[in-house]
Amino acid sequence: MKQREGRPGQKKTSGSSGESRRNDRTGRPPKPVARPAATRETVREAAVPVAAERPLMTRSGERPVERVPVILESLGAGDFHLIDSGNGEKLEQYGPYRIIRPEAQALWRPSLPAHVWEKVDAVFTGDTDEEGSGRWRFPKEALGETWPLNLLGVDFLGRFTSFRHVGVFPEQIVHWSWMKEQVEKAGRPLKVLNLFGYTGVASLVAAAAGAEVTHVDASKKAIGWARENQALGRMEKLPIRWICEDAMKFILREERRGSQYDIILTDPPKFGRGPNGEVWHLFEHLPLMLDVCREILSPKAVGLVLTAYSIRASFYSIHELMRETMRGAGGVVESGELVIREAGTDGKTPGRALSTSLFSRWVPK
């Protein structure tokens, strides 16, 4: 999927050099004031599956109807919107803070004048390689490590991490809004499985809408952050199982147990290396992961959602894989890209669309 802000494994090409305004704005980054917390990379390096424990199923029947290309677009939501982008950077609003982060796909020049970009609260600087750590610079005043945010009615903590992330990937709001709607109109408690769940925002959205949620991530730090988010929103009584485990191990065990889910969200990394030397390569292991996910979908399943970041591939690669995986299940497979559209300083003025990731989603009709 998209070459977006720091999804692990993504090699970032440098933005405009020479005339780049980034060099004029940031200079040499000082030692960060805020201590970085759990990073997306930490989460994804730990979240690697074990070796395949079974062969792929032989599927028969017609492939699902296809709907391509589908562009799922967000203009922002809640406390987030993309203000502007360009010269290899993006200017974002996260609650009270205006933030600048690297963005390799912003090949154009910024639309807004330099003085808008200069009035920021935090700038990510230092190592701009997606696999390396960097630093945050705070031009106005030192900021704390965390701050409260809200999306789709769910409170959670933003956090300045050393890998440029802030604890949420707002382009996913389109999938979360879809999931929320499905849960609310189902007329029964849907069971939702959130694989590689990171800081738990999607899990909290689903549970707040009435779902029974199983959240799986191999990082203890990420699970701890997710629990902080749950406590912040006073959602401790919501039916969420927080599972700190390898995602593939978990779903293989669920398959053996005969467990079933109505909605599965899976957001695997491009590459990861586990604590025991296990290696995850998306192109090698994704077919089995989707195959197992199909087996644990309930007979009345509402959807299977896959997002893919930082891969050198067309969305058609995951689209055709999803159609083969869901052969004989009927329904529709819709695939394409997630994009965030610039919204200006007021959050309401549409500008250019910034691609963030690839996705494929199976729905029963």
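Which ones in the range 120-137 are within 13 Å of P96 (Cβ to Cβ) and either in a loop (DSSP other than H, G, I, E, B) or at pLDDT below 95 (or both)? Talk me through it step by step, then tell me what you get.
Pass one, the range 120-137, residues within 13 Å of P96 (Cβ to Cβ): 120-122.
Within the range 120-137, V120, D121 qualify.
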(message) Need pairs with beta-carbon distance below 8 Å; first residue farther than 29 Å from A186 by Cβ and within the range 209-233, second among the polar types (S, T, N, Q) and open to solvent by 10 Å² or more (accessible area, probe 1.4 Å); sequence gap 6+ or separate chains.
(response) S219/T42; K221/T42
(request) Taking V33 as meeting all but one of (1) of a type outside the set (D, E); (2) modelled with pLDDT of 50 or more; (3) farther than 30 Å from H285 by Cβ, write down the number of the exception. (result) (2)
(message) For the range 69-117, which positions are within 17 Å of the chain's Cα centre (by Cα), surrounded by fewer than 18 Cβ atoms within 10 Å (Cβ to Cβ) and modelled with pLDDT of 95 or more?
(response) I71, E73
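Would you check which residues across the range 261-310 are of a type in the set (K, R) and either surrounded by fewer than 16 Cβ atoms within 10 Å (Cβ to Cβ) or at pLDDT below 95 (or both) and list them? Full working, then the answer.
Of all residues in the range 261-310, those of a type in the set (K, R) come to 270, 273, 294, 300.
Within the range 261-310, K270, R273, K300 meet the criteria.
Of these, G167, G197, which one is assigned to a loop (DSSP other than H, G, I, E, B), touching a His at 6+ places or on another chain (Cβ under 8 Å) and of a type outside the set (S, T, N, Q)? Walk me through it before giving the result.
Numbers: G167 fails: touching a His at 6+ places or on another chain (Cβ under 8 Å).
Step by step, each of G167, G197 is checked, and only G197 is assigned to a loop (DSSP other than H, G, I, E, B), touching a His at 6+ places or on another chain (Cβ under 8 Å) and of a type outside the set (S, T, N, Q).
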(message) What's the total number of residues in the range 335-346 that are touching a residue at least 12 places away in the same chain (Cβ under 8 Å) and open to solvent by 20 Å² or more (accessible area, probe 1.4 Å)?
(response) 3
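The values are calculated or read from the model by the stated rules, or taken from the named source; none is laboratory data. Note that this is a predicted model, so its numbers are computed, not measured. Reconstructed Cβ throughout: ideal geometry from the backbone, glycine too, with neighbour counts over all protein chains shown. Accessible surface areas use protein heavy atoms only, side chains included; no ligands, DNA or RNA. Shrake-Rupley method; radii C 1.70, N 1.55, O 1.52, S 1.80 Å.
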